[in-house]
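Notes follow the structure.
The values are calculated or read from the model by the stated rules, or taken from the named source; none is laboratory data. Computed from a predicted model, the values in this text were never measured in an experiment. Ideal geometry is used to build each Cβ from the backbone, glycine not excepted, and the neighbour counts take in all protein chains shown.
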Amino acid sequence: MKSATMLQKLPESKTISILNKVATLKHEGHNILNLAGGEPDFDTPQAIIEEAENAMKSGFTHYVNSGGIPELRNAIAHKLKAENGAIYDPSQIIVTAGGKPAIYVALKSIINPGDEVLILNPAWVSFEPLITMAGGVAISIDLDADKDFKLDKDLLAAACTSRTKAIIVNNPNNPTGRVLNLEEMHELRDLAVAKDLIVIADEVYEKLVYGHHKFVSLASIPELENRTITVQSFSKGHAITGWRLGYLALPKELLSAASKIQGHIATCTTAFVQKAGVVALKDADVKEEVDYMRIRYATRINRVVSLLNQIPGVTCPHPNGAFYVFPEIKFRDYDSIELASYLLDEVQVAVTPGVAFGSSYTQRVRISCATSDEDIEEALMRIEKALTK
Ligand code: PLP
């Protein structure tokens, strides 16, 4: 028996395969420090848990509207307008089981077989497989590390063909932590308008922006508002990765297609989790906790960047958002896979090889700072020991 040809070629998620290896090693009793994952170490805020519990106990455990419960869609539309200046009617929002399915629904709604979708490397590992699964062709554009991974309008324009349908923009970016500035957003707008592209704005790290940097939602940029699909998730900012809650907000013309997909693949997103989502958006204590987590990540990132930059051969730029660092490491001519394996075997520290985010990042690894302060200190000591051997 054979599975579909397209799926035989599809790689397993590169980050998930590392996490599986880490889980096996831990199970065998190894003291592994895991900086390869992408999930907050903080507990889910209590008010969110209580609301889900209350909703379950009061019988809110059945099918609900496939696009999402009205309270949550209203709260999301309000949040997008008030916090992001992005105007979507509640009916333009589809609540999904996390950001990943939101991206899939977005892609499946717009792609005809063979349509091309641009992605900007370094890029999160799942964009390319999600495009392939939706029947499209991913066109990767490698942004230049020497130019701080700045969006390059000439490279983007050169990658467009008559089949180019959309571009995925992840802001703040995983793995670089880069936050787009207004100039880049305007360049993106000019390109999208000139080439008639749909912009899929993956803004799942929106809550995690540091220093003087300001997060601006792409859907708030004039002329992008009617061609942007905004993808959001509660996973990272609210520390509810395992609950599975996210959404997409999309132009009216795409609503019917996206609603059909959501209805057929999911029926609806878990009812009581959606109730908890309303609290996540509205509750003042939750907002404080989200802010507290952001401050803690900022402190950890400062510490990690400073420690890494003290190690010979390591150059670590300071990220402005998300919770990763993406240093360049020059050690014994090792490429990023050899380096990640070496760190795991030699000092039991798991990091993600740079090539998971684009084939040209052969000298980089991604290190997650969503790990306890103690583990970060210990891991950085071990990394230094390994890299100074
Ligand atoms: N988008 C980006 C850039 C991510 O890094 C992730 C998770 O790592 C997701 C989307 C998906 O998040 P989730 O499906 O947990 O909401």
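Go through the stretch 309-335 residue by residue and tally those that are part of a helix (DSSP H, G or I) and surrounded by 21 or more Cβ atoms within 10 Å (Cβ to Cβ).
Selection size over the stretch 309-335: 0.
From T44, T15, grab the single residue that is crowded, with 18+ Cβ neighbours inside 10 Å, modelled with pLDDT of 95 or more and β-branched (V, I, T).
After ruling out the rest, the residue left standing is T44.
Search the stretch 219-246 for residues being within 8 Å of the ligand (Cβ to nearest atom) and aliphatic (A, V, I, L, M), and hand back the single one that is farthest from P172 (Cα to Cα).
L245
Of F149, F127, which residue is on the phi > 0 side of the Ramachandran plot and either crowded, with 23+ Cβ neighbours inside 10 Å or within 15 Å of the ligand (Cβ to nearest atom) (or both)?
Within the list F149, F127, the selection yields F149.
Check off (1) under 18 Å from M185 (Cβ atoms); (2) away from the ligand (no atom under 16 Å from the Cβ); (3) not hydroxyl-bearing (S, T, Y) for A158 and give me the number that stays unchecked.
(1)
How many residues, within the stretch 49-107, are among the acidic types (D, E) and within 16 Å of the ligand (Cβ to nearest atom)?
Qualifying residue count, the stretch 49-107: 0.
Name the residue that is surrounded by the most Cβ atoms within 10 Å (Cβ to Cβ), counting only residues in the stretch 105-124 that are touching a residue at least 60 places away in the same chain (Cβ under 8 Å) and over 30 Å from D146 (Cβ atoms).
So, considering only residues that are touching a residue at least 60 places away in the same chain (Cβ under 8 Å) and over 30 Å from D146 (Cβ atoms), the one surrounded by the most Cβ atoms within 10 Å (Cβ to Cβ) is A106.
One line per residue, one yes/no per condition, for (1) basic (K, R); (2) more than 20 Å from the chain's Cα centre (by Cα); (3) more than 13 Å from the ligand (Cβ to nearest atom); (4) crowded, with 22+ Cβ neighbours inside 10 Å:
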site	(1), (2), (3), (4)
N174	no, no, no, yes
G177	no, no, no, yes
E183	no, yes, yes, no
H186	no, yes, yes, no
V209	no, no, yes, no
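Looking at (1) more than 17 Å from Y210 (Cβ to Cβ); (2) not in a loop (DSSP other than H, G, I, E, B), find the lone condition where R300 falls short.
The single condition R300 does not satisfy is (1).
Working carefully through the options H78, H62, find the one that is part of a loop (DSSP other than H, G, I, E, B) and modelled with pLDDT of 95 or more.
Answer to the check: H62.
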